[in-house]
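Notes follow the structure.
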Amino acid sequence: MSMAISNHFKNSALLLMSAVFCHGQEAAPINPAKMDKTGMLPPFTKVLGERAAAAFGKQDWKAARKAYEEMLELDDGNALIWANLGAVEQQAGDAKRAIECFEKSVQINPQLAQTWTALGLLMQNQGDTYRAISCFTRAIHEDPEDARAHNFLAIAAKGLGWTDAAEAELQRAIDLKPDYGIAHFNMALMLLERRPPVIELARRHYEKALTLGVAKDDVVERRLKE
């Protein structure tokens, strides 16, 4: 049963992680067409920025890519334009190009925490767990109160068998964002893996996750009944 739970944790967590990254406002590392590395979008790129943001909202990746590439022709040293282009490439399914764009972004401005997180997610999906951990750790360095980054770091640490570190990062995520259902779900899984398992505490985290919108899970529910 331990191995089944362990594998289930990894797969469930990665599926949930992908859903978080690929939907809603978290899809882009930054808010498209709002700012550059100095704090304001240069006037000569404003129209292109608005066009890019509109295309991104419509999931028209070809048009969004074209607009961001035109913006880079005018200002190729803008870290946030590179970050947004990376988000477009990620959504369009070109992970290699997305990584290149995110790496260029943090090379220009290493303080962009959300771009480090986006890069870490791609590295994790490609199986480069050590690089993912490095990215998530840097994201947390730049923004220590980002609960998502702590949750993603926990997932990566768990993938390497670093259970104490994973549990600590999940607890930090929950402390920062008590209504973070995914972190509660993952904590429940971690507690079920302890020997002996901490059933009642795991149950509380699982039930909290359900109240926060996380779907019921057959494996966890069976384990809680043992």
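The values are calculated or read from the model by the stated rules, or taken from the named source; none is laboratory data. In this text, all values refer to a predicted model and were calculated from it rather than measured experimentally. Virtual Cβ from ideal backbone geometry, glycine too; neighbours counted across all protein chains shown.
Restricting attention to region 68-100, which residues are in contact with an Asp or Glu (Cβ under 6 Å, 6 or more places away or on another chain) and free of Cβ contacts under 8 Å to residues at least 40 places away in the same chain?
Correct list: R97, A98.
Filter region 118-151 for residues that are closer than 22 Å to V88 by Cβ and surrounded by fewer than 16 Cβ atoms within 10 Å (Cβ to Cβ) and give the result.
Passing the criteria: N125, Q126.
Among E193, E221, E145, which is the only one that is at pLDDT 95 or above and of a type in the set (D, E)?
The unique qualifying residue is E145.
Can you find a residue that is under 25 Å from D75 (Cβ atoms), among the aliphatic types (A, V, I, L, M) and touching a Pro at 6+ places or on another chain (Cβ under 9 Å) anywhere in region 120-137?
No.
Name the residue that is surrounded by the most Cβ atoms within 10 Å (Cβ to Cβ), counting only residues in region 72-117 that are among the β-branched types (V, I, T) and within 17 Å of the chain's Cα centre (by Cα).
Among residues in region 72-117 that are among the β-branched types (V, I, T) and within 17 Å of the chain's Cα centre (by Cα), the one surrounded by the most Cβ atoms within 10 Å (Cβ to Cβ) is T115.
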